[in-house]
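Here the structure comes first, spelled out in structure tokens, and everything after it is commentary.
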Amino acid sequence: MNGYTDTLYTIIITLVAVVGLPLIAHLIVSLSAFLRQKAGEIKNEQAQSLVLQAISIVEQAVLYVMQTYVDGLKRAGSFDKEAQKNALINARAKAKALINGDMVKAIEDGYGSFDTWLDTRIEQTVRETKK
């Protein structure tokens, strides 16, 4: 690359970091608040309880993966994009193993896609643990 291309590349990366990342963080926080509100609006107390149990399970799964996988890689300086993907896969698998069919049904009835809900909850939990 020449000097002009290097400068343009640096400007683009800086703009993405300055504008894009805060925007993404804001969207995640807003979506999480919306999902919690929706959980509170579920009229059926049993369904609401199931959703809240599922939220707790997701939080436990994320914390488990962070403690057993992520923290060690971060200490070793090897927590890269591939490790992030593996952490998400591990958290999803752990949560899915613990969330029962009744919880999945309650989530799908209240939110639609269970997988979308699960990914959103994992991302929100990761963000909350970084505070």
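If you check Glu108 against the conditions, is it touching a residue at least 60 places away in the same chain (Cβ under 8 Å) and either exposed (fewer than 15 other Cβ atoms within 10 Å of the Cβ) or within 17 Å of the chain's Cα centre (by Cα) (or both)?
Numbers: touching a residue at least 60 places away in the same chain (Cβ under 8 Å): no; either exposed (fewer than 15 other Cβ atoms within 10 Å of the Cβ) or within 17 Å of the chain's Cα centre (by Cα) (or both): yes.
Answer is no for this residue.
Residue-by-condition table, conditions (1) open to solvent by 70 Å² or more (accessible area, probe 1.4 Å); (2) in a helix (DSSP H, G or I):
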{"residue": "Val62", "(1), (2)": "no, yes"}
{"residue": "Ser78", "(1), (2)": "no, no"}
{"residue": "Asp102", "(1), (2)": "yes, yes"}
{"residue": "Thr116", "(1), (2)": "yes, yes"}
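Could you grab me the full set of residues in segment 118-131 that are basic (Lys, Arg) and crowded, with 19+ Cβ neighbours inside 10 Å? Write out each step before concluding.
So the first thing to find is which residues in segment 118-131 are basic (Lys, Arg), and the list is 121, 127, 130-131.
Answer for segment 118-131, where residues must be basic (Lys, Arg) and crowded, with 19+ Cβ neighbours inside 10 Å: just Arg121.
The values are calculated or read from the model by the stated rules, or taken from the named source; none is laboratory data. Because the structure is predicted, anything quoted here is derived from the model rather than measured. Note that each Cβ is placed from the backbone with ideal geometry, even for glycine, and that neighbours are counted across all protein chains shown. Side chains included, ligands, DNA and RNA excluded: accessible areas come from the protein's heavy atoms. Shrake-Rupley method; radii C 1.70, N 1.55, O 1.52, S 1.80 Å.
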